[in-house]
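Asks: One structure coming up, written as structure tokens, with questions to follow.
The values are calculated or read from the model by the stated rules, or taken from the named source; none is laboratory data. Given the structure is predicted, the values throughout are model-derived calculations rather than measurements. Every residue, glycine among them, receives a Cβ derived from its backbone with ideal geometry; neighbour counts consider all protein chains shown. Surface accessibility is based on the protein's heavy atoms, side chains included, excluding ligands, DNA and RNA. Shrake-Rupley method; radii C 1.70, N 1.55, O 1.52, S 1.80 Å.
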Amino acid sequence: PLALGLYTVNAVYGDTITMPCRLEVPDGLMFGKWKYEMPNGSPVFIAFRSSTKKNVQYDDVPDYKDRLSLSENYTLSIKNARISDEKRFVCMLVTEDDVSEEPTIVKVFKQPSQPEILHQADFLETEKLQMLGECVARNSYPEGNVTWYKNGRVLQPVEEVVVINFQKIVDKSTGLFTMTSSLQYMPTKEDANAKFSCIVTYYGPSGQQTIQSEAVVFDVHYPTEKVTIQVLPQSTIKEGDNITLKCSGNGNPPPQEFLFHVPGETEDIRSSDTYIMTDVRRNATGEYKCSLTDKSMMDSTTITVHYLDLQLTPSGEVTKQIGEALPVSCTISSSRNATVFWIKDNTRMQTSPSFSSLQYQDAGNYICETTLQEVEGLKKRKTLKLIVEGKPQIKMTKKTNTNKMSKTIICHVEGFPKPAVQWTVTGSGSIINKAKETRYVNGKFSSKIVIAPEENVTLTCIAENQLERTVTSLNVSAISIPEYDEPEDRNDDNSEKVNDQAKLIVGIVVGLLLAALVAGVVYWLYVKKSKTASKHVDKDLGNIEENKKLEENNHKSET
């Protein structure tokens, strides 16, 4: 590199400076010398080398003591380059007839330390010009320049907004520069989280270079401009819930105290940013407000506390008699339209229950349940346990089995609580213990016995519960005597497909015809054998259902 037409050597501070002698070695060379020039132009010789004796001599110059080295080709090296080494050095080659000289300019460069932002402000306030900090870069040569940046963009000076002051200090012992740039800044709310940094631009051996500081973020304080009230939880609220009111301001730092206006309270409540209400009731519905303590800013919200009431009439355990009426009502009061449905014995009903004439099948556990679908967890239910009681009712039927060898006598029983059934043989009073019972459903069941009587017999069916004892008898002819068989009643499965009154009329007509035909025979047989008939009852009797009709037939025969 050339400087002003002269050969220049660029050296790094602390490194070794190497300066070749750029003269051709002439014939008859006696010796070579190096010197440097003082600012006033006077020379200072520092090194000598003889071409004949090959010896090297260094002049007694304190600045270069033990730092010089002169090679055979007259290249001069200076160790541990300093700023003071920036001089004009001259190589001299001397013969008997001539002296040749060639100057070299030495330039020394020192990279500054990484800049730091010192004396940082604890925080910045909007609308106020204040010292943000100082950017300091040390030990630079030559001096560098400092530039401030915000979010990667250069900060240009703006009166009363961006004020930058730059100063440099040189260390007299080393000649190195320390650069300091202070920044006064008036922030805005948008400067929250802004990144401030500074960059030092300096010159090195290879040209212009830069070093950047670490970025710094400042806490920017600004006043509250808006107050916001929030209700937690944010889902719908029902009676019994806990409510948290949270008030916040958008300033920095945020306000620490607020005034809460709560419906039903005559005065505002001073609190931190949180106000808690527990186990709220429906009367907590209303408008809630919060404001700064000076009431300069306010926000409001409306809270609806949802409720659901259910009243079932009657409820609990209710006992009624069969055939009675029972009005049932399920009344709902709620904050929104509620869904109501009925359940009987774990099965959902299609319609609401209505009892104008209670039947046994109406008994059961009824549940009236209601929900608010929009409000999670808001559900109410009440229970009605309906008991339908009735005195025992008996109907006896008989039929001859297909094998013509036995007869089945059935005692159809209704009543609640479930009646206990007993079969006896009229006259002897013998108790029959081989009856079979059907399943008790909706207050009805049947007790059945199978007999093969050798003579006429009267059977008695006794049904008894806590309400009453009912007795019915049925006359059954000997297996050898044909008689009208009544069809078996199918009431066990709760279906009554035959009109009882029509059956009774037909039975009476047929009975009269049979009585007229066999009156004499039946009367004679009955008188002769009625005292011993009980001895011929089949031991495999199964139930107790057919006595009363035999007595009626016998009475008709006697008549």
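Asks: Assuming 0.36 nm per residue, please report the length gained on full extension of the stretch Arg22 to Met38 beyond their Cα-Cα distance.
Replies: This chain segment gains 3.6 nm when fully extended.
Asks: To the nearest 10 square angstrom, how much accessible area does Glu116 have with a 1.4 angstrom probe?
Replies: Accessible area, nearest 10 Å²: 90 Å².
Asks: May I pose another question? Whenever you get a sec, compute what percent of the accessible area on the chain sits on carbon and sulfur atoms (1.4 Å probe).
Replies: On the way: 15120 of 31330 Å².
Carbon-and-sulfur percentage of accessible area, whole number: 48.
Asks: Turning to a different aspect of this structure: Hull surface divided by four, with the convex hull built on the Cα atoms of the stretch 227-303: how many nm²? Write down the numbers at each step before the final one.
Replies: On the way: hull surface 19.3 nm².
The number I arrive at for the stretch 227-303 is 4.8 nm².
Asks: While we're here: Take His261, His119, His412 and sort them by solvent-accessible surface of the protein heavy atoms, 1.4 Å probe, largest at the top.
Replies: His119, His261, His412
Asks: If you place +1 on the Cβ of every Lys and Arg and -1 on the Cβ of every Asp and Glu, how big does the dipole about the Cα centre of the stretch 227-303 come out, in debye to the nearest 20?
Replies: Rounded to the nearest 20 debye, it is 160 debye.
Asks: Compute the convex hull volume of the Cα atoms of the stretch 8-109, divide it by the residue count, and report the result per residue in Å³ as a whole number. Could the numbers behind the result be given before it?
Replies: Details: hull volume 9.6 nm³, N = 102.
Given the Cα convex hull of the stretch 8-109, per-residue volume reads 94 Å³.
Asks: Note down the nm distance, to one decimal, between modelled labels 7 Å out along Cα→Cβ at Asn10 and at Gln373.
Replies: Each label point lies 7 Å from its Cα, and together they span 8.2 nm.
Asks: Here is a further query. Could you list the residues of the stretch 251-267 with an amide nitrogen less than 16 Å from a label point located 7 Å from the Cα of Thr224 in the Cα-to-C-beta direction?
Replies: Answer for the stretch 251-267: 251-262.
Asks: Quick one: helix 500-529 against the long Cα principal axis of the chain, what's the angle to the nearest 10°, folded into 0 to 90?
Replies: In the chain, helix 500-529 runs at an angle near 40 degrees to the longest axis.
Asks: Using a 1.4 Å probe, how large is the accessible area of Lys398, given in Å² and rounded to the nearest 10?
Replies: 10 Å²
Asks: Full-extension gain between Thr383 and Arg153, please, as 0.36 nm times their residue separation minus the C-alpha to C-alpha distance.
Replies: Length difference between fully extended and current span is 75.2 nm.
Asks: What is the stretch 417-474's relative contact order, in percent, from Cα pairs under 8 angstrom and six or more apart in sequence?
Replies: Dividing the mean separation by the residue count of the stretch 417-474 yields 38 percent.
Asks: Expressed in nm², what is the orientationally averaged projection area of the convex hull enclosing the Cα positions of the chain? Walk me through the numbers on the way to the answer.
Replies: Working: hull surface 241.5 nm².
Averaging across all directions leaves 60.4 nm² for the Cα convex hull.
Asks: Could you point to the residue in Gln321, Gly364, His119 farthest towards the positive end of the chain's charge dipole, with +1 and -1 charges on the Cβ of Lys/Arg and Asp/Glu respectively?
Replies: Highest projection toward the positive end goes to Gln321.
Asks: Ignoring ligands, DNA and RNA, how do Phe31, Phe89, Phe166 rank by accessible area with a 1.4 Å probe, largest first?
Replies: Of Phe31, Phe89, Phe166, the descending order of accessible area is Phe166, Phe31, Phe89.
Asks: Arrange the residues Phe123, Phe218 by how much accessible surface each exposes, largest first, with a 1.4 angstrom probe.
Replies: Phe123, Phe218
Asks: As I understand it, the value is the acute angle between the Cα axis of helix 548-558 and the longest principal axis of the Cα atoms of the chain; what does it come to in degrees, rounded to 10?
Replies: 10 degrees
Asks: Continuing with this model, one more query. For the chain, what is the calculated [θ] at 222 nm in deg cm²/dmol (nearest 500), taking -39500 (n - 2.57) for each run of four or more DSSP H residues and dividing by its residue count?
Replies: Taking each H run of at least 4 residues, the total per residue is -2500 deg cm²/dmol.
Asks: Can you work out the FRET efficiency for the pair Val340 and Asn252, with r the C-beta to C-beta distance and R0 = 41 Å, to the nearest 0.05?
Replies: With R0 = 41 Å, the Cβ-Cβ based efficiency is 0.15.
Asks: So if each residue of separation counts as 0.36 nm, and I subtract the Cα-Cα distance between Val318 and Asp279, what length gain in nm does that give?
Replies: On the way: separation 39, 0.36 × 39 = 14.04 nm, distance 3.43 nm.
Full extension from Val318 to Asp279 adds 10.6 nm.
Asks: Can you give the charge dipole size of the stretch 308-388 about its Cα centre, rounded to the nearest 20 debye, using +1 on the beta carbon of Lys and Arg and -1 on the beta carbon of Asp and Glu?
Replies: Here the size comes out at about 60 debye.
Asks: Once you charge only the Cβ atoms, +1 for Lys and Arg and -1 for Asp and Glu, what is the size of the charge dipole of the stretch 390-476 about its Cα centre, to the nearest 20 debye? Intermediate values should be presented prior to the final figure.
Replies: Working: 13 positive and 6 negative charges, 70 e Å.
Taking the Cα centre of the stretch 390-476 as origin, the dipole is about 340 debye.
Asks: May I pose another question? State which entries of Lys391/Lys448; Lys54/Lys172; Lys172/Lys195 exceed 28 angstrom in Cα-Cα distance in the structure shown.
Replies: Numbers: Lys391/Lys448 20 Å; Lys54/Lys172 39 Å; Lys172/Lys195 36 Å.
Pairs exceeding the cut-off: Lys54/Lys172; Lys172/Lys195.
Asks: For the pair Lys436 and Asn403, what calculated FRET efficiency results from E = 1/(1 + (r/R0)^6), where r is the Cβ-Cβ distance and R0 = 22 Å, to the nearest 0.05?
Replies: Values: r = 18 Å, r/R0 = 0.82.
It comes out at approximately 0.75.
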